[in-house]
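The values are calculated or read from the model by the stated rules, or taken from the named source; none is laboratory data. As the structure is a prediction and not an experimental result, all values here were calculated from the model. Reconstructed Cβ throughout: ideal geometry from the backbone, glycine too, with neighbour counts over all protein chains shown. Heavy atoms of the whole protein, side chains included, go into the accessibility calculation; ligands, DNA and RNA do not. Shrake-Rupley method; radii C 1.70, N 1.55, O 1.52, S 1.80 Å.
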Amino acid sequence: MASLLGRFCRKLVVPGSAHGARMVSTTSSCGSETVKSLNLYSAINQALHIALETDPRSYVFGEDVGFGGVFRCTTGLAERFGKNRVFNTPLCEQGIVGFGIGLAAMGNRAVVEIQFADYIYPAFDQIVNEAAKFRYRSGNQFNCGGLTIRAPYGAVGHGGHYHSQSPEAFFCHVPGIKVVIPRSPREAKGLLLSSIRDPNPVVFFEPKWLYRQAVEEVPEHDYMIPLSEAEVIREGNDITLVGWGAQLTVMEQACLDAEKEGISCELIDLKTLLPWDKETVEASVKKTGRLLISHEAPVTGGFGAEISATILERCFLKLEAPVSRVCGLDTPFPLVFEPFYMPTKNKILDAIKSTVNY
Amino acid sequence: MALSRLTSRSNGISRPLSTAFGRFISTDTTPITIETSLPFTAHLCDPPSRSVESSTQELLDFFRTMALMRRMEIAADSLYKAKLIRGFCHLYDGQEAVAIGMEAVITKKDAIITAYRDHCIFLGRGGSLYEVFAELMGRQDGCSKGKGGSMHFYKKDSSFYGGHGIVGAQVPLGCGIAFAQKYVKEEAVTFAMYGDGAANQGQLFEALNISALWDLPSILVCENNHYGMGTAEWRAAKSPSYYKRGDYVPGLKVDGMDAFAVKQACKFAKEHALKNGPIILEMDTYRYHGHSMSDPGSTYRTRDEISGVRQERDPIERIKKLVLSHDLATEKELKDMEKEIRKEVDDAIAKAKDCSMPEPSELFTNVYVKGFGTKSFGADRKEVKAALP
């Protein structure tokens, strides 16, 4: 599935928007790059290795990262860079993030791992009140731009209430931080390197379902994918679909099914949710006249609402149908009911059809 | 009593056979005094005596219930591997003495709140095996109607407040419950249980401060199994003396593999909490399984260590030795008891397997209180649009 996406990405020509999305940064030549087939956690691992290698003042810490982490994203880092740069913390998310903010304030790159996004809430105060506002309230004397918080998010099939949440919407409401979500191994490596090197604090959510499932050809060298640039990963004319992370694979399946019924779908990967690339989505909706947003998080107050409102402002006269949101239900993430809760391919397909036939 | 046993044996008179429930017909409450394995270590209080009052009935009950708990956890292990239990499953085998010892001295009005390793605590609070397995397999007859799963067992009529996923979050909750108990003058206490990993959470200290400030009858029980998932305690805590972490709050360090030490400590703690406010109990215990079923449990500790604890300190073995040395049963009778327990567990599993899954409409129930009629939207406009009942 993800390799399918990968192939699409490679071939894609930049669509008609000024920002347009480029797959690989221009610092590398496409011709001679060596690639390797990697899954998501290996790609992230590679990115972390490169980040620590290129900046001697960067650190990776969190619960259990020393032996490689519960998802193996930090394998080999402690052995290679030493326990002074890659270390385990006790079980205290608030303390970990606060500590990371302080470290970043001293000009270091602190890459904090929160073991599951569901556990990020004790650190919410630190992220919202400290990290996001540091530069602002000190009049640019201090900042914690070197802070990057990585957390696995999203459904995994059997995660239940506390191993499946998608909390991105909470963080998108905080000016001062950035929120980035990759969809595949290749994207993840480039986006993570960009996030770590971005001079603003970044919350980086990794779709845990794809850690092992997604396999893609990932260039071995150091490359960055620009933040705040969305990418049209599939061109179409009838309806624009916007999503991020693991949900894109589901949406792509729906697009393929819709194509069989003669509906041409344009699929956009937002990549960075805050600040998000309004221009690319706007250009696409102006072309198709219809918008569908899909995410795993509950629909009420989810980030789809922000996209919907903005596009409505910008494209009102061009819209042929109301903006459709196919999202998780407004319940706590369930245990046995997960298949009913999730925004599945069929739900998306139904919504595509009813939007197109509005 | 021992004399009469001797007589009956020598006369060849058959001993009273165990009842269908594996209990001896003689509800013998002959008192026995048992010495705990180790003395208690105290912080800011006088430790209780090592001599624990018990009875023959209690000794046998302890054995039976702990064997039941052990068997239940092992069965859950097999069910998980057979993919009948999905999600996360954190097993308690090795730590049974804590659950048992605590139950022996408290009432159903005393509250217990714990983290996710809660199957045996639930059983101790009067839960049935059927409810346990049904909940683990996500069936509607489970104690949380199949909606909670392994980590979220609750039992309101026994004041068992669950069953929490977020590490450390249950401790301030426990202190709130203690406040409520003090307010209605119930002479009840709350046992807020947590692990050595959670001991480093900030909210614990907030809860301790509040409890101490307002003299709440809260007893914080640290089940120190020495590993916070895969991290050994000395790598996570500057001071692994968790019973001292309360600073101004008294504490007691207890051998958590000795059910009688646990019993004595909890009795002491309850009396203390009702008079003087919070106290910390550190139970020095051990879990044989890994942190959860996804953790083999052998990458951060040696197999020798695990088998060493099993040989030297296993709580069930200790009780078994006491039962045998006090002549309360023979090896064979105990083995028969274990066989019955196995059957009981298997029957409960079979019954639970037959139970149906919850109705899909249950996805929407109890998000809010019934009758609020909030709408929940899913796929757009017409597909999934339910009024939350």
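What do you reckon, is B:Asp247 open to solvent by 10 Å² or more (accessible area, probe 1.4 Å), under 18 Å from B:Pro172 (Cβ atoms) and either among the basic types (Lys, Arg) or away from every other protein chain (no Cβ under 14 Å) (or both)?
In short, yes.
Where residues in the stretch B:301-360 are open to solvent by 20 Å² or more (accessible area, probe 1.4 Å), part of a loop (DSSP other than H, G, I, E, B) and away from chain A (no Cβ under 14 Å), which of them is nearest to B:Gly146 (Cα to Cα)?
B:Thr302
With the requirement that a residue be part of a loop (DSSP other than H, G, I, E, B) and either of a type in the set (A, V, I, L, M, F, W, C) or open to solvent by 20 Å² or more (accessible area, probe 1.4 Å) (or both), what does the stretch A:52-65 give you?
A:Asp55, A:Pro56, A:Arg57, A:Val65
Among (1) exposed (fewer than 12 other Cβ atoms within 10 Å of the Cβ); (2) in contact (Cβ under 8 Å) with a residue 12 or more places away in the chain; (3) within 14 Å of another protein chain (Cβ to nearest Cβ), there is one condition B:Lys370 misses while meeting the rest; what is its number?
(3)
If I ask for residues that are open to solvent by 10 Å² or more (accessible area, probe 1.4 Å), in contact with a Phe, Trp or Tyr (Cβ under 6 Å, 6 or more places away or on another chain) and within 14 Å of another protein chain (Cβ to nearest Cβ), which ones from the stretch A:142-178 would you list?
Across the stretch A:142-178, the qualifying residues are A:Val156, A:His161, A:His163, A:Gln165.
Residue by residue through the stretch B:219-244, note down the ones that are of a type in the set (D, E, K, R), touching a residue at least 40 places away in the same chain (Cβ under 8 Å) and surrounded by fewer than 23 Cβ atoms within 10 Å (Cβ to Cβ).
B:Lys244, the sole residue that qualifies.
Of everything in the stretch A:187-207, what is open to solvent by 10 Å² or more (accessible area, probe 1.4 Å) and within 23 Å of A:His295 (Cα to Cα)? Give them in sequence order.
Once the filter is applied, which keeps residues that are open to solvent by 10 Å² or more (accessible area, probe 1.4 Å) and within 23 Å of A:His295 (Cα to Cα), the stretch A:187-207 yields nothing.
Is it true that some residue in the stretch A:255-272 is over 18 Å from the mean Cα position of the chain (by Cα), within 14 Å of chain B (Cβ to nearest Cβ) and crowded, with 24+ Cβ neighbours inside 10 Å?
Within the stretch A:255-272 (the criterion being over 18 Å from the mean Cα position of the chain (by Cα), within 14 Å of chain B (Cβ to nearest Cβ) and crowded, with 24+ Cβ neighbours inside 10 Å), the answer is no, since none of the residues qualifies.
Identify, please: which residue in the stretch A:226-247 is touching a Cys at 6+ places or on another chain (Cβ under 7 Å) and part of a strand (DSSP E or B) and is, among those, nearest to A:Ala305 (Cα to Cα)?
A:Leu241
From B:Leu216, B:Leu252, which residue is buried (at least 22 other Cβ atoms within 10 Å of the Cβ) and either within 14 Å of chain A (Cβ to nearest Cβ) or assigned to a loop (DSSP other than H, G, I, E, B) (or both)?
The unique qualifying residue is B:Leu216.
Looking at A:Pro332, is it outside any helix (DSSP H, G or I), modelled with pLDDT under 95, under 23 Å from the mean Cα position of the chain (by Cα) and within 12 Å of chain B (Cβ to nearest Cβ)?
Against the criterion (outside any helix (DSSP H, G or I), modelled with pLDDT under 95, under 23 Å from the mean Cα position of the chain (by Cα) and within 12 Å of chain B (Cβ to nearest Cβ)), A:Pro332 qualifies.
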